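**Q** Supplied in structure tokens, the structure appears directly below.
The values are calculated or read from the model by the stated rules, or taken from the named source; none is laboratory data. These figures come from a predicted structure and were not determined experimentally. Heads up, the Cβs are rebuilt from the backbone with ideal geometry, glycines too, and the neighbour counts pull from every protein chain shown.
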Amino acid sequence: MPLRWPAPSTMRWLILATLLVFWELMPRTKIVPELFLPSLSKTLAVLYSDRLEYVEALGVTLYEVAIAMLFACGAGILMGALGGGVALLRNLLLPVFSSLYAVPIVILYPIFTAWLGVGSESKIAFAGVYGFFPVMLSTAAGIRTIDPQYVLAARSMGATLSQQITRVVIPASIPTVLTGLRLGGALTIIGVVVAEMLTSAAGIGYLVTRYRTILDSPRVFAAILMILVLSVMFDVLARGLERRTLAWQTAGRRPRRSREIMQAVPAGAPA
Amino acid sequence: MQHMASLTRLHEVAEPTAIEVARLSHVYAGPEGGVPALEDISMKVAAGRFVVIVGPSGCGKTSLLMMLAGLRHQTEGTILCNERPINRPDPARVGVVFQEASLFPWLSAVDNIEFPLALRGMPKEERRRHAEAMLRLVGLEGFGGRYPHELSGGMKQRVSIARGLVQDPPVLLMDEPFAALDEQTRMTMGHELLRIWSTTRKTVVFITHSLTEAVYLADEVLVMSARPGRIIDRIPVTLPRPRTYEMMATDTFGRLRDRIWQQIRKTTQPGLA
Ligand SMILES: Nc1ncnc2c1ncn2[C@@H]1O[C@H](COP(=O)(O)OP(=O)(O)OP(=O)(O)O)[C@@H](O)[C@H]1O
Ligand SMILES: [Mg+2]
């Protein structure tokens, strides 16, 4: 029997498993010093023994992420819809926001702490602003790039302006908006963690900074591991949501005839 | 024989006008004044007729169709449909079928067909009944649950036609509906359209670039000049109905096709005339 490559999904798990094995073996065999990379088992052990501290920190981080996402998505969609739909606002707002998006907003964080203190508020404000931009920009883009043919068709069928918005503009822009939400959500998580690492007294980012200053590598890596798991879980959730919402466009947004389509048509079907 | 004769006479006598365009002109606003797109268009389409409009690219065919559909306002002139002016889209009087890809990709075929009914707030069950009847009419029974990307180009246009007909408007406007299809599918679809037309007795205004399609489908072909578009020839197609593929090989077919082509050649390359 010829040797065959395993399926991509099996492959992904194999790569992950290999990485984890390396994580365990490299420090144990002293190829990498324990200070730089504590072994996986040690990291998991401290994570378990200090679980109360880590769970509490995770709670703080999750709370900040949730509120910041709410702000980023709500304001982003609202402003994006206005910017994409109203020509005057588009010309006024979009160039400004597009340029702001390129600014490393993290330089503003010290100002946020000065205004709002070192508690959760400054993290929420910072991460909210950070995640707001991709949501707003992709919402605006989603609305602006709708095929005018759809709106024309709806008008020819007698759609009023509000029907055009609810039945055409919104469903047609959902794919782009969802992509923006996924990106904005990821940035919000990054924003919260970075803010916690810079100035704070709670949260997972705070644990990373605190244990790094006292050179407690296993505890630093335990915190990193949690952030990794948090981000990956968010991404999986967001992709799942996208897939479920966009069942209608599995073959792309406006697919041309492709082999798949022809195969989907049973023999003897009309032209 | 006598029966046939009386039928013909009936046809001639009782022929109310479905569409009447009088002295219509249109100028698009542009830099340096405006771009005249249509000039002094007058036409009358009798109810139940199949009229095909041909003309060089950019001569204003789509513009004219948009005005007939109430989607755009002409600068001058009037359009009457069933003796009442058209000012805004009225899907109960005029259905429109566009080129490919105007189906909503987020709705299944049957939901696409129900769309105009849903806009009017028709209850779900009644909507579904109408849509299923339309699916049967266009030969797509059992395909209602498919999304547009799961349908072939020809099937998509069948759904578009069903959507244009679902409110049973007396007039159906079609702007190059088969332009994106391959030639074989296109011939099949033309034939199918005639079948649907003969069972529903709609008035059809159909735009195409294909001379063969024009002659095959039409009762009358209107030829438009290069921009600004005027009607430069009206060619009655005398071929009997129902049309068959064999007619394409006849002399009459060839002569009609040639006459249209000569007119278009004259208007696009005046030097050759
Ligand atoms: N919205 C618009 N604003 C300005 N000019 C327009 C607009 N729409 C069309 N035109 C111009 O009016 C003329 C007629 O356009 P139209 O689309 O009606 O032509 P057409 O006969 O349908 O062409 P085709 O055969 O290529 O589809 C063209 O020269 C076009 O550039
Ligand atoms: Mg056109």
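**Q** Determine if the range B:152-165 includes at least one residue that is assigned to a helix (DSSP H, G or I), more than 15 Å from the chain's Cα centre (by Cα) and either within 16 Å of ligand 1 (Cβ to nearest atom) or in the same structural domain as B:V215 (by TED's automatic domain parsing) (or both).
**A** No, the range B:152-165 has no match at all.
**Q** Now, a different point. Under 7 Å between Cβ atoms, at least 6 apart or on separate chains: pull out the pairs that start in the range A:70-95 with a residue that is among the basic types (K, R) and end on any residue that is assigned to a helix (DSSP H, G or I).
**A** Here the result reads A:R90/A:G83; A:R90/A:G84, each pair linking the range A:70-95 to a residue that is assigned to a helix (DSSP H, G or I).
**Q** For the range A:24-57, which positions are in contact with a Ser or Thr (Cβ under 7 Å, 6 or more places away or on another chain), surrounded by 15 or more Cβ atoms within 10 Å (Cβ to Cβ) and in a helix (DSSP H, G or I)?
**A** Matches in the range A:24-57: A:E24, A:P27.
**Q** Based on what the data block shows, is B:R136 assigned to a helix (DSSP H, G or I), more than 16 Å from ligand 2 (Cβ to nearest atom) and closer than 26 Å to B:M189 by Cα?
**A** Yes, satisfied.
**Q** Just give me the residues in the range B:74-109 being away from every other protein chain (no Cβ under 13 Å) and in contact with a helix residue (DSSP H, G or I) (Cβ under 8 Å, 6 or more places away or on another chain), in sequence order.
**A** Correct list: B:Q74, B:I79, B:C81.
**Q** Another question about this same structure. Would you call B:T78 part of a strand (DSSP E or B), modelled with pLDDT under 95 and polar (S, T, N, Q)?
**A** yes
**Q** In the range A:108-189, which helices (runs of 4 or more DSSP H) lie fully inside it and hold 2 or more residues that are within 11 Å of another protein chain (Cβ to nearest Cβ) and not β-branched (V, I, T)?
**A** In the range A:108-189, the matching helices (runs of 4 or more DSSP H) lie at A:148-156, A:161-164.
**Q** Next question. Can you tell me which residues in the range A:165-181 are within 18 Å of A:A72 (Cβ to Cβ) and either among the small types (G, A, S) or out of contact with any helix residue (DSSP H, G or I) (no Cβ under 8 Å at 6 or more places or on another chain) (or both)?
**A** Of everything in the range A:165-181, those that are within 18 Å of A:A72 (Cβ to Cβ) and either among the small types (G, A, S) or out of contact with any helix residue (DSSP H, G or I) (no Cβ under 8 Å at 6 or more places or on another chain) (or both) turn out to be A:S173, A:G180.
**Q** Still on this structure: Residues that are in a strand (DSSP E or B), over 14 Å from the mean Cα position of the chain (by Cα) and not acidic (D, E): does the range B:181-201 have at least one?
**A** no
**Q** Check B:S57, B:S25 and return the single one that is assigned to a strand (DSSP E or B) and either hydroxyl-bearing (S, T, Y) or touching a Cys at 6+ places or on another chain (Cβ under 6 Å) (or both).
**A** Going through B:S57, B:S25 in turn, just one is assigned to a strand (DSSP E or B) and either hydroxyl-bearing (S, T, Y) or touching a Cys at 6+ places or on another chain (Cβ under 6 Å) (or both): B:S25.
**Q** Within the range B:222-256, which residues are away from ligand 2 (no atom under 16 Å from the Cβ) and part of a loop (DSSP other than H, G, I, E, B)?
**A** Across the range B:222-256, the qualifying residues are B:R230, B:V237, B:T238, B:L239, B:P240, B:R241, B:P242, B:R243, B:T244, B:T250.
**Q** Still on this model: How about the range B:181-221: which of its residues are within 16 Å of ligand 2 (Cβ to nearest atom) and polar (S, T, N, Q)?
**A** Matches in the range B:181-221: B:T208, B:S210.
**Q** Being under 27 Å from B:V221 (Cβ atoms), within 13 Å of ligand 1 (Cβ to nearest atom), surrounded by fewer than 19 Cβ atoms within 10 Å (Cβ to Cβ) and not basic (K, R): is that true of B:G58 here?
**A** yes
**Q** Scan the range B:168-180 for residues that are modelled with pLDDT of 90 or more and either within 11 Å of another protein chain (Cβ to nearest Cβ) or within 16 Å of ligand 1 (Cβ to nearest atom) (or both) and jot them down.
**A** B:P169, B:L173, B:M174, B:D175, B:E176, B:P177, B:F178, B:A179
**Q** Let me ask you something else. Being among the β-branched types (V, I, T), touching a residue at least 40 places away in the same chain (Cβ under 8 Å) and on the phi < 0 side of the Ramachandran plot is true for just one of A:I170, A:I204, A:I214. Which residue is that?
**A** One residue alone meets the criteria, A:I204.
**Q** Return a yes/no flag: does the range B:88-102 have any residue that is part of a strand (DSSP E or B), buried (at least 22 other Cβ atoms within 10 Å of the Cβ) and within 16 Å of ligand 2 (Cβ to nearest atom).
**A** Looking for residues that are part of a strand (DSSP E or B), buried (at least 22 other Cβ atoms within 10 Å of the Cβ) and within 16 Å of ligand 2 (Cβ to nearest atom), one finds at least one in the range B:88-102, hence yes.
**Q** Does B:S63 satisfy the criteria of being within 11 Å of ligand 2 (Cβ to nearest atom), touching a strand residue (DSSP E or B) at 6+ places or on another chain (Cβ under 6 Å) and either in a strand (DSSP E or B) or among the small types (G, A, S) (or both)?
**A** Yes: the conditions hold for B:S63.
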